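Every number in this text was worked out from the coordinates using simple rules, so none of it is lab data. Because the structure is predicted, anything quoted here is derived from the model rather than measured. A quick note on method: Cβ atoms are made from the backbone with ideal geometry, for glycine too, and the neighbour counts reach across all protein chains shown.
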Amino acid sequence: MPRANFYRAKLIERIAFSEELALFRFRPDESLSFRPGQYATIALKNGDKLIQRPYSIVSSPYEAFLELFIELVPQGELTLRLWDLKVEDEVLINRRIVGSFTLDEESGRKRHLMTATVTGVAPFISMTRTRRIEIQRGKIDPYQFAIIHGASHSSELGIYKDELAELSREGWLTYVPTVSRPWGDADWKGETGRVEDVLRKYADQLGFDRLNASAYACGHPQMIKNVRGVLERARFATEQIKEEKFFPSKK
């Protein structure tokens with residue numbers, strides 16, 4: 001595949017949340033253009049071929065780096081190599097950054113109900129960072145966001161738990177992290193249960209309903225199926241629900 005189809009980017013930071021989850025920040029050699037919620041395809045050379053995989057983008061289009069939240073796939077050709085990267089090592093980024101899992105700004109609904117498992121929170125962080133920057137630049141809109149972010153253990157929420165908790169103090173975002181295996185998390189004081197277990201509670205409590213909200217589900221396919229069921233029982237229409245499936249690694 002021609003190199004002209006790709007940007008070059010250097011790894012500038014990597015933060016491990018666990019043995020299998022990490023934040024990667026890359027500095028591309030050209031500016032990237034994308035909408036929050038879209039995904040980039042990362043590639044590394046393996047002999048004469050490229051190993052490629054798409055990842056939802058965590059960073060905002062306004063930021064000078066490309067940030068990804070990645071799960072190590074033990075049998076995966078690409079992630080094993082990504083875990084071996086050192087600062088200043090290079091990857092390739094496909095110039096075509098695509099995806100339709102973006103904020104619904106067409107329907108007129110002002111509330112956005114977002115559900116995610118682990119790395120599925122990536123597009124929502126991009127959306128919230130972008131909104132915060134735009135508010136700081138003087139843009140005013142009436143949107144309200146709610147993010148319900150689930151994981152087995154709190155460590156899997158990474159530093160994003162703290163970032164989103166801080167953003168929630170600004171009044172336009174409610175962030176609800178939840179842990180499904182609290183018996184292995186002695187210090188956890190937050191919500192417990194799967195995302196779909198706490199979704200209806202907070203949707204009702206915050207006033208996010210079929211009349212005023214668009215809904216989004218990103219991450220594990222079973223969570224998405226279960227969330228869709230909850231929303232359909234609450235009479236959300238099909239066109240009000242956006243989905244992005246992240247298939248889990250085989251362990």
ask   = For residue 242, which sequence-distant residues (separation of 5 or more, or a different chain) have an amide H within less than 5 Å of its own amide H, given hydrogens modelled in the peptide plane?
value = 215, 216, 217
query = From the phi of every residue in region 166-172, what ³J(HN,Hα) in whole Hz does the Karplus formula 6.51 cos²θ - 1.76 cosθ + 1.60 yield, where θ is phi - 60° and glycine or proline is x?
reply = 5, 4, 5, 6, 7, x, 9
Counting DSSP beta bridges with both ends in the chain, the antiparallel % (nearest 5) = 55 percent
key: Between region 130-152 and region 184-251, the alpha-carbon center distance in angstrom   = 18 Å
note = Residues meeting the amide H criterion for residue 60 (H placed from the backbone, H to H distance under 5 Å, 5 or more places apart or on another chain) are none
request  = About the Cα centre of the chain, how large is the charge dipole given +1 on each Lys and Arg Cβ and -1 on each Asp and Glu Cβ? Please answer in debye to the nearest 20.
outcome  = 480 debye
query = GNM, the chain, Cα, under 10 Å: largest mean-square fluctuation among 214, 33, 154?
reply = 33
task = Calculate one ³J(HN,Hα) per residue across region 199-212 by plugging θ = phi - 60° into the Karplus curve 6.51 cos²θ - 1.76 cosθ + 1.60, and present them in order as whole Hz with x for glycine and proline.
result = 4, 5, 4, 7, 4, 5, 5, 8, x, 9, 9, 5, 7, 10
message = Helix-only estimate, please: 222 nm mean residue ellipticity of the chain, summing -39500 (n - 2.57) across DSSP H runs of length 4 or more and dividing by its residues, to the nearest 500.
response = -6500 deg cm²/dmol
inquiry  = Just to check I understand the Karplus step: with θ = phi - 60° and J = 6.51 cos²θ - 1.76 cosθ + 1.60, what whole-Hz values come out for region 126-133, glycine and proline as x?
reply    = 4, 5, 6, 4, 5, 5, 4, 4
request  = With all distinct Cα pairs included, what does the Kirkwood hydrodynamic radius of region 3-94 come out to in Å, to one decimal, could you say?
outcome  = 13.3 Å
key: Taking region 115-251 and dividing mean pair separation by its residue count, relative contact order in percent (alpha carbons under 8 Å, at least six apart)   = 25 percent
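Tell me the trypsin sites (Lys or Arg not before Pro) within region 110-182 that lie in a loop according to DSSP and have at most 16 other beta-carbon atoms within 10 Å.
Passing sites in region 110-182 are 110, 137, 139.
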request  = Mind checking region 71-152 for GluC sites (Glu not before Pro) that DSSP puts in a loop (not H, G, I, E or B) and that have at most 12 other Cβ atoms within 10 Å?
outcome  = 88, 105, 106
